[in-house]
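Contents: one structure, followed by commentary.
Read the figures in this text as sums done on the coordinates, not as results from a lab. These numbers were taken from a predicted model, which means no experiment stands behind them. Every residue, glycine as well, gets a Cβ built from its backbone with ideal geometry; the counts of neighbours run over all protein chains shown.
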Amino acid sequence: MALLKLLALDADDLAVISAHVQDARVEIGDIVWRQAEKRLVVGLHRLDWEQTLSGEPIPGRLIAALRFDRALACKARNIDIGAKEIALELVGIEFYPAQEPPGGSVVLMFSKGGMLRLDVECIECALTDLGPDDIGTGDAEIGGASHDLGGLG
């Protein structure tokens with residue numbers, strides 16, 4: 001099995017990463033905001049789309065890390081950051097450019113209305129597969145209101 005290692009430096013690259021993480025399961029406790037490092041790291045269990053497209057009857061999952069560098073701020077909406085065990089389902093990632101390129105906002109959208117917004121100097125994102133997820137998956141559930149993730153990590 002070939003593990004993915006992707007880097008995004010523009011909106012088109014980010015769209016490719018978004019496609020690979022669609023329907024990934026993310027536990028809130030696996031979202032780490034490192035404000036001093038200007039970095040957000042998200043541990044996730046992504047669908048193995050290559051396996052699915054090759055005709056496997058039961059899609060597998062891979063454990064992966066999604067990293068955003070050069071992030072200035074991170075805000076959460078409809079995600080209870082205190083509920084570390086709750087699982088979210090990642091729907092996709094979008095980039096909204098600022099008036100002053102190359103900055104803007106990266107938005108991670110989750111099912112049931114959960115969102116993370118990163119204000120970034122520029123797009124610098126990496127997706128790295130770490131190996132197969134042999135444990136399985138759980139149900140996604142979202143709760144809570146908006147929060148500033150400044151203290152998370």
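Summary table
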{"read-out": "³J(HN,Hα), Karplus 6.51/-1.76/1.60, whole Hz, each residue of segment 63-72, x for Gly, Pro", "value": "7, 9, 10, 10, 10, 10, 9, 6, 8, 8"}
{"read-out": "Length-normalised contact order of the chain in % [C-alpha pairs under 8 Å, at least 6 apart]", "value": "32"}
{"read-out": "Per-residue Cβ neighbour rank within 10 angstrom, fewest leading, S111, S105", "value": "S111, S105"}
{"read-out": "At most 12 other Cβ within 10 Å, DSSP loop - trypsin sites (Lys or Arg not before Pro), segment 1-80", "value": "none"}
{"read-out": "Placed amide H near R39: partners under 5 Å, 5+ positions off or other chain", "value": "R34, A71"}
{"read-out": "5 angstrom amide H check on D133, placed H, neighbours 5+ away", "value": "R61, L62, I63"}
{"read-out": "q = 0.10, 0.11, 0.18, 0.19 Å⁻¹, segment 5-131: log10 I(q)/I(0) [Debye, one scatterer per Cα]", "value": "-0.29, -0.36, -0.94, -1.05"}
{"read-out": "Spin-label model distance (nm) - Y96 vs A11, 7 Å beyond Cα toward Cβ", "value": "1.3"}
{"read-out": "J(HN,Hα) series, segment 76-86, from Karplus relation 6.51 cos²θ - 1.76 cosθ + 1.60, nearest Hz, glycine and proline x", "value": "10, 10, 6, 10, 7, 5, x, 8, 4, 8, 5"}
